[in-house]
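Remarks on the structure that follows.
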Amino acid sequence: MKIYVTQMFRNGQKNKHSYVIFAGDDKVLAILAGISESDKRSGKYSAEVFELNSNIAGSKQLLFRCNRDRVVLL
């Protein structure tokens, strides 16, 4: 089973404040949550969506990155 996690990073810096806004099995909702939250926070936070495979330990793949100015599907 695949789980999608959307995490927000302040100013796109991973070593600063961050928080998770979505975790579930719907990829589209995960991406939309990141875009919406980045917009609500006036671009101060960037979103990243990761795909985790619950059957494989340590599996984590970055699928999507966005901030207020740019959206990148990986």
Those strands (runs of 3 or more DSSP E) completely within the stretch 23-74 that have 2 or more residues that are of a type outside the set (D, E), at pLDDT 90 or above and crowded, with 18+ Cβ neighbours inside 10 Å are 45-53
With the requirement that a residue be assigned to a strand (DSSP E or B) and either surrounded by 14 or more Cβ atoms within 10 Å (Cβ to Cβ) or of a type in the set (S, T, N, Q) (or both), what does the stretch 7-22 give you? Q7, M8, F9, R10, S18, I21, F22
Among the residues of the stretch 19-47 satisfying the criterion of being polar (S, T, N, Q) and within 14 Å of R65 (Cα to Cα), which is nearest to the chain's Cα centre (by Cα)? S46
Of the residues in the stretch 38-60, those that are touching a residue at least 12 places away in the same chain (Cβ under 8 Å) and farther than 13 Å from I21 by Cα number 9
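The values are calculated or read from the model by the stated rules, or taken from the named source; none is laboratory data. Remember, predicted model here, so these are calculated numbers, not experimental data. Cβ atoms come from the backbone with ideal geometry, glycine included; neighbour counts cover every protein chain shown.
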